[in-house]
Amino acid sequence: MILSLVLVALPTHAQVTDDQIYSFIDDLFTPSTLSRRQQFDELKWFSEAAKPYAGMTIYVVSERIDTHEYEATALSRAFYELTGIKVIHELTGEDDLLRKLLAQSETGVNIYDAYVNDSDLIGTHYRSDQVVALSDFISGDGADVTLPTLDLDDFIGLRFTTAPDGKLYQLPDQQFANLYWFRYDWFNRKDLKQRFKSLYGYDLGVPLNWSAYEDIAEFFTVHVRELEGRRIWGHMDYGKNDPSLGWRISDAWLSMAGMGDVGLPNGIPVDDWGIRVEGCRPVGASVSRGGALDGPAAIYAINKFVDWFKYAPPEAPYLNFTEAGKWVSTGQIAQQIFWYTAFVAQASQPGLPIVNQDGTPKWRVAPSPLGVYWDDGMKSGYQDAGSWTILKSTPLERRKAAWLYAQFTVSKSVSLKKTIVGLTPIRKSDLFSDEMTRRAPQYGGLIEFYRSRGRDVWTPTGTNVPDYPRLSPLWWQHISKAVSGELKVQQVMANLASAMDEELAAIGKTSKSHCAPQLNLKVDPSIWLNRPGAPKAKRNERPPGKTVSYEESIRVWQ
């Protein structure tokens, strides 16, 4: 509604002047990795390329995070003033966005001209024949509206949006990872370090494994209890019966435990959803079909997720993703194993109890500790890659206008400033810029992560998942029963694996793709568990805790 009011107030568009373009650069798009003249040339290209579409109104939709709020207000207006193309950039929840995308795919009715849609759907997109392959569009119908300085090689997330057929289906617009978050100031207090070592026999530091994370959670929740005059907790999470509970688990929690196979960006042949693929065909999620979703590693992962709520604030099991995200800013949380860096901007505001007077954070992010089933060569965590996606049901002229806007939001003229606003980087040139070097101390390790190989081993959901909108609701519908205690974890995972197999079979019956699911026959689970790789046989699930200093943990990324 706010955006609509802004657009109504805009004057009738006239051809933008050179002086106005330079004003955009100085007022809106500084700093940039481009020179002022290079920015002028890039923005001038948008103004010229958009002339056939001036006066058009296009509709796009994305989820509600800081980066997209910036796009929906500042960037959409600048784009209109530059090109004459009005953009209604709607913000909504991720679950609603999925429903909108699914509705357009199923009906063929053009509802939105472009979506900023997670790359988690890459397996869906390349099998569905509903999504424009951008690599084909760039070299074909969209050649005349493709930015000459787009520089695809500069994007850090193209591997996540490229399908097994070698085609690019989505263009990354923002990226954020789930990392380990902790109170660096508390972990360095001499009294707390001595107390921890006397209790647990090793140093308080960044945990390398889940045993150490659990010990630290117990230490701050049970033994320390209060710091700076306030009740504190050694863990934070969320467990509300809500779609975001599904993302909490499907966003690589089982892979962090070690459920899947070695391979990047996702396990091969068993991925971080526990789905086995043969060739390009999903063949099952249950152990009896060669999957791993109800195997020992998956059960271990959910047992820990549920059990650790005893170290979190009592509200935690009843919070969703957004509500839980506000908790670290209160100054009452010592560490969080699964913390989305989309909250970095929110947790860096001056005046917060977790921010020093000089503006630097009292917290840091570090590599996530890993479960006992994790093996070298596996992905280490999850990274969200919200990416521009255009459906074939969008008419060509509208498709071209939307493609211009999508490119504008990720262009080098715009991207560094957008990264500073939302802290969801997409370009190597921005990450390695002098401006980011200067600002890095404000972001608690985020830039160090994105400048390292970590950005390649923290990966989104991969291509094994053939229909994300149909399969993703299964996660929260089943995991919620473990959080509530309605069912034992082993039964929950058995039910989830069975439901996933049933849905895969149903998808296989209706899909026309040569990569459609085709389930393996069931066999005794021990046959698969005794083979190398995933699914993995039961291991010692409580080895000694191991920690390292923050400085050593950062070197792990390098």
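Would you call L404 modelled with pLDDT of 95 or more, of a type outside the set (S, T, N, Q) and in a helix (DSSP H, G or I)?
Taking the combined requirement at face value, the residue satisfies it.
Considering P148, P164, which residue is in a loop (DSSP other than H, G, I, E, B), at pLDDT below 95 and surrounded by fewer than 24 Cβ atoms within 10 Å (Cβ to Cβ)?
Step by step, each of P148, P164 is checked, and only P164 is in a loop (DSSP other than H, G, I, E, B), at pLDDT below 95 and surrounded by fewer than 24 Cβ atoms within 10 Å (Cβ to Cβ).
I'd like to check something: does segment 82-105 contain any residue that is basic (K, R), part of a helix (DSSP H, G or I) and under 19 Å from L391 (Cβ atoms)?
Within segment 82-105 (the criterion being basic (K, R), part of a helix (DSSP H, G or I) and under 19 Å from L391 (Cβ atoms)), the answer is yes, since at least one residue qualifies.
Yes/no matrix, rows are residues, columns are (1) modelled with pLDDT of 95 or more; (2) touching a helix residue (DSSP H, G or I) at 6+ places or on another chain (Cβ under 8 Å):
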{"site": "G284", "(1), (2)": "yes, yes"}
{"site": "R289", "(1), (2)": "yes, yes"}
{"site": "I299", "(1), (2)": "yes, yes"}
{"site": "I302", "(1), (2)": "yes, yes"}
{"site": "W308", "(1), (2)": "yes, yes"}
{"site": "Y318", "(1), (2)": "yes, no"}
{"site": "G351", "(1), (2)": "no, no"}
{"site": "V355", "(1), (2)": "yes, yes"}
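Inside segment 39-79, can you point out the residues that are among the basic types (K, R) and without any contact (Cβ under 8 Å) to a residue 60 or more places away in the chain?
Result: K44, K51, R64.
Assess whether P460 counts as being farther than 30 Å from K193 by Cβ, at pLDDT below 95, within 22 Å of the chain's Cα centre (by Cα) and surrounded by 13 or more Cβ atoms within 10 Å (Cβ to Cβ).
So P460 does not fit the description; no.
Only one of these conditions is not met by Y373: (1) surrounded by fewer than 24 Cβ atoms within 10 Å (Cβ to Cβ); (2) over 28 Å from T92 (Cα atoms); (3) among the aromatic types (F, W, Y). Which number is it?
(1)
Looking at segment 416-438 only, could you name the residues that are buried (at least 18 other Cβ atoms within 10 Å of the Cβ) and free of Cβ contacts under 8 Å to residues at least 40 places away in the same chain?
Passing the criteria: T419, M436.
Restricted to segment 50-67, and to residues that are in contact with a Lys or Arg (Cβ under 9 Å, 6 or more places away or on another chain) and assigned to a helix (DSSP H, G or I), which residue is farthest from T322 (Cα to Cα)?
Here the answer is P52.
Among the residues of segment 83-97, how many are under 20 Å from the mean Cα position of the chain (by Cα) and of a type in the set (A, V, I, L, M, F, W, C)?
Number of matching residues: 2.
Looking at segment 68-75, can you tell me whether even one residue there is in the same structural domain as D151 (by TED's automatic domain parsing), within 30 Å of L391 (Cα to Cα) and assigned to a loop (DSSP other than H, G, I, E, B)?
Scanning segment 68-75 turns up no residue that is in the same structural domain as D151 (by TED's automatic domain parsing), within 30 Å of L391 (Cα to Cα) and assigned to a loop (DSSP other than H, G, I, E, B).
The values are calculated or read from the model by the stated rules, or taken from the named source; none is laboratory data. The shown structure was predicted, so the numbers you read here are calculated from the model rather than taken from an experiment. So basically every Cβ, Gly included, is an ideal-geometry build from the backbone, and we count neighbours across all protein chains shown.
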